[in-house]
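Reading through the C-alpha cells given below for one structure.
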Amino acid sequence: MLTSAVAGFAMSIALIVAIGAQNAFVLRQGLRREHVVPVVLTCAASDALLIAAGIAGVGTVVTGRPVLLTAIRWGGAAFLLGYAALAARRALRPGALLPTERPPATLRATLLACAAFTYLNPHVYLDTVLLLGGIAQQHPNRWLFGVGAALASIVWFTALGVGAHRLAPLLARTVAWRLLDGVIAAVMAALAVALLLG
C-alpha cells in the first residue's frame, strides 16, 4: 500500500518540478507576497481534482475524442503565447519589473489568473489526467497512488509559494527580474510551439 503512495509522490514531483506556466505564476505571487496561500491551495486542489479524474478514467474518454484534444492543444498554445508576450514585455520594460511597483491585484483577479494557468494549460491535463491517471491504473492501490501524487503537489506548491520570498533579495535588482521574465517568456513560447508541433 505504502509503495503505491510513494510511487505516486515520486512520479508527481518529477513532473511538477519542471518550470511551466503554473509554477511561474506561483513563484511570481510568492515573490510579490500576494495571495500566496489561496494560490497554493487552488493549485494543489486543482491538481488533486485532475489526478482523481484521471484515476477515475476520464483520460480514456478524452483520448478517444481527437477534436477535444485538438481544441485543448490550440487553446492552450494561444494562452501560453499570450503569457509569453506579457512576460517578454515585462523583461523589456524595466519600469514594470519590480513586484512592488504594481498595485496589488484583487484576490478574485488572482484566483481567476491561477485558474487560467491551471485549466487552460494542456500540459496540466497531460501530466495529471492522462499520465498520472494512466500510471495509477497499473498499481494495485491506484487511489493511494493518487493520494501520494496529490501530496507531492501540496508539498511543491507550498515550498514554491512560501519559499519564494527567500529569493526576494536576489530579485531586488531590476536585472534579475528581467532575466526571470525573459526565461519565463522563452519557456512559455517553447511550450506553446511544442504543443502546436506535437
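Structural remarks
- Applying the set (1) of a type in the set (A, V, I, L, M); (2) over 11 Å from the mean Cα position of the chain (by Cα); (3) buried (at least 21 other Cβ atoms within 10 Å of the Cβ) to LEU49 leaves exactly one unmet item: (3).
- Listed by position, the helices (runs of 4 or more DSSP H) contained in segment 75-166 that have at least 3 residues being of a type in the set (A, V, I, L, M, F, W, C) and either at pLDDT below 80 or buried (at least 16 other Cβ atoms within 10 Å of the Cβ) (or both) are 107-119, 142-163.
- Some residue of segment 144-160 being closer than 16 Å to ALA24 by Cβ and out of contact with any helix residue (DSSP H, G or I) (no Cβ under 6 Å at 6 or more places or on another chain): yes
- The set of residues from segment 8-32 being of a type in the set (Val, Ile, Thr), over 22 Å from ARG173 (Cα atoms) and surrounded by 19 or more Cβ atoms within 10 Å (Cβ to Cβ) comprises just one member, ILE16.
The values are calculated or read from the model by the stated rules, or taken from the named source; none is laboratory data. It should be emphasised that the depicted structure is a prediction, and the values quoted were computed from it without experimental measurement. Glycine gets a Cβ as well: all are built from the backbone with ideal geometry, and neighbour counts include every protein chain shown.
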